[in-house]
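K.L.:
Okay, handing you the structure first.
The values are calculated or read from the model by the stated rules, or taken from the named source; none is laboratory data. Remember, predicted model here, so these are calculated numbers, not experimental data. All Cβ positions, even for glycine, are placed from backbone atoms using ideal geometry, and neighbour counts span all protein chains on display. Calculation scope for accessible area: heavy atoms of the full protein, side chains included, ligands and nucleic acids excluded. Shrake-Rupley method; radii C 1.70, N 1.55, O 1.52, S 1.80 Å.
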Amino acid sequence: SSFNPADSILFQAGGKWREQLIVSSSGLMGSPITIGAYGTGAAPIIDGSKTVTGWTVYSGSIYQAAVAYAPRIAFEDGAPLALGASAGALTAGQYFYSSGTLYIKTTASDNPSGHTMEATANPATYYGLVQIAGSISYVTIQGLTIQRSNWEGIYIYPGAVGITTQNNTFTQNTNND
């Protein structure tokens with residue numbers, strides 16, 4: 001979508017969006033485009049992870065599922081798992097990724113289908129979960145929680161002018177937490 005100077009793009013407090021936000025319009029000095037929140041409650045969440053389902057046994061208590069992008073972090077019930085050395089050598093609380101397959105050994109070494117399993121999912125070619133191109137100017141990003149990016153939470157390309165970020169929370173991103 002295209003926006004005009006002084007427009008506001010607001011996310012509802014307490015909501016969660018599992019997708020990348022690419023800022024594609026510029027504001028003007030004194031009339032920035034504002035990306036923020038409306039309503040009361042917790043800050044809106046821009047989340048770069050996807051829920052992983054379709055688990056099958058790989059070997060013993062190690063499970064596997066197809067995942068479209070190489071995750072840099074995997075989560076069990078919201079907690080990050082450690083990266084293991086290989087699929088066959090996973091210990092409890094570890095994950096490993098290879099050729100389109102995510103391997104998990106849960107912290108209890110049980111079936112991951114009984115847990116909320118997530119993995120960072122935005123492709124490596126996209127850099128930030130929130131992305132601002134070098135041709136964009138005068139944008140304010142405020143009051144959001146930006147979490148679980150495969151790369152940066154917010155990536156501002158060189159050349160962008162007048163970009164303001166304030167009162168945002170960054171958690172479990174690979175870079176700029």
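K.L.:
Over the chain, what is the relative contact order in percent, taking alpha-carbon pairs closer than 8 angstrom and at least six residues apart?
P.N.:
Numbers: 482 pairs, mean separation 41.7, N = 177.
Computed value for the chain: 24 percent relative contact order.
K.L.:
With the other protein chains left in place, how much accessible area per residue, in square angstrom, belongs to the chain at a 1.4 angstrom probe?
P.N.:
Details: 8360 Å² over 177 residues.
Computed with neighbouring chains in place, this is 47 Å² per residue.
K.L.:
Related question: Go ahead and run the numbers for FRET between residue 167 and residue 83, Cβ-Cβ distance against an R0 of 45 Å, rounding to 0.05.
P.N.:
The formula returns an efficiency of 0.90 here.
K.L.:
Can you pull the percent of segment 1-155's accessible area that's carbon plus sulfur, 1.4 Å probe, other chains left in place? Working shown, then result.
P.N.:
On the way: 3630 of 7010 Å².
Summing carbon and sulfur atoms, their accessible area is 52 percent of the total for segment 1-155.
K.L.:
Leaving out ligands, DNA and RNA but keeping every protein chain, what accessible area does residue 58 have, in Å² rounded to the nearest 10, with a 1.4 Å probe?
P.N.:
Its heavy atoms expose roughly 100 Å² to the probe.
K.L.:
Let me ask you something else. What whole-number volume per residue, in cubic angstrom, does the convex hull of the C-alpha atoms of the chain give? Working shown, then result.
P.N.:
Working: hull volume 20.6 nm³, N = 177.
In the chain, the Cα convex hull volume per residue is 116 Å³.
K.L.:
Sticking with this structure for a sec: Hey, with R₀ at 25 Å, roughly what FRET efficiency would residue 10 and residue 70 work out to, going by the Cβ-Cβ distance, to 0.05?
P.N.:
Working: r = 33 Å, r/R0 = 1.31.
Between residue 10 and residue 70 the formula returns 0.15.
K.L.:
I'd like to know which of 12, 154, 103 lies farthest towards the positive end of the charge dipole of the chain, counting +1 on Cβ of Lys and Arg and -1 on Cβ of Asp and Glu.
P.N.:
Of the options given, the answer is 103.
K.L.:
Next question. Starting at the first residue of segment 133-146, write each ³J(HN,Hα) from the Karplus equation 6.51 cos²θ - 1.76 cosθ + 1.60 with θ = phi - 60°, in whole Hz, x for Gly and Pro.
P.N.:
Per-residue couplings from phi come out as 5, x, 8, 8, 9, 6, 10, 10, 10, 8, x, 10, 9, 10 Hz.
K.L.:
For the chain, with only Lys/Arg (+1) and Asp/Glu (-1) charged at the beta-carbon, what is the dipole magnitude about the Cα centre, in debye rounded to 20? Spell out each step's value before the answer.
P.N.:
On the way: 6 positive and 9 negative charges, 27 e Å.
For the chain, the charge dipole is close to 120 debye.
K.L.:
Right, next: How far apart, in nm, are the 7 Å Cα→Cβ label points at residue 109 and residue 157?
P.N.:
If labels sit at residue 109 and residue 157, their model points lie 4.9 nm apart.
K.L.:
Please list 144, 10 from largest to smallest accessible area, probe radius 1.4 Å, with all protein chains kept in place.
P.N.:
Values: 144 0, 10 80 Å².
I get 10, 144, largest accessible area first.
K.L.:
Sticking with this structure for a sec: Could you tell me the center-to-center distance, by alpha carbons, between segment 113-173 and segment 61-109 in angstrom?
P.N.:
Segment 113-173 and segment 61-109 have Cα centres spaced 24 Å from each other.
K.L.:
While we're here: Take residue 98 and residue 18, extend 7 Å from each Cα along the Cα→Cβ direction, and tell me the distance between the two endpoints in nm.
P.N.:
Placing both labels 7 Å along Cα→Cβ, they lie 2.6 nm apart.
K.L.:
Per residue of segment 43-53, what does 6.51 cos²θ - 1.76 cosθ + 1.60 with θ = phi - 60° give for ³J(HN,Hα)? Whole Hz please, x for Gly and Pro, Karplus curve as stated.
P.N.:
Working through the residues one at a time gives 4, x, 10, 9, 10, x, 9, 10, 6, 9, 10 Hz.
K.L.:
Taking H placed 1.01 Å from N in the peptide plane, check which residues at least 5 places from residue 10 or on another chain put their amide H under 5 Å from its amide H.
P.N.:
Here the answer is 36, since their amide H atoms fall under 5 Å of that of residue 10.
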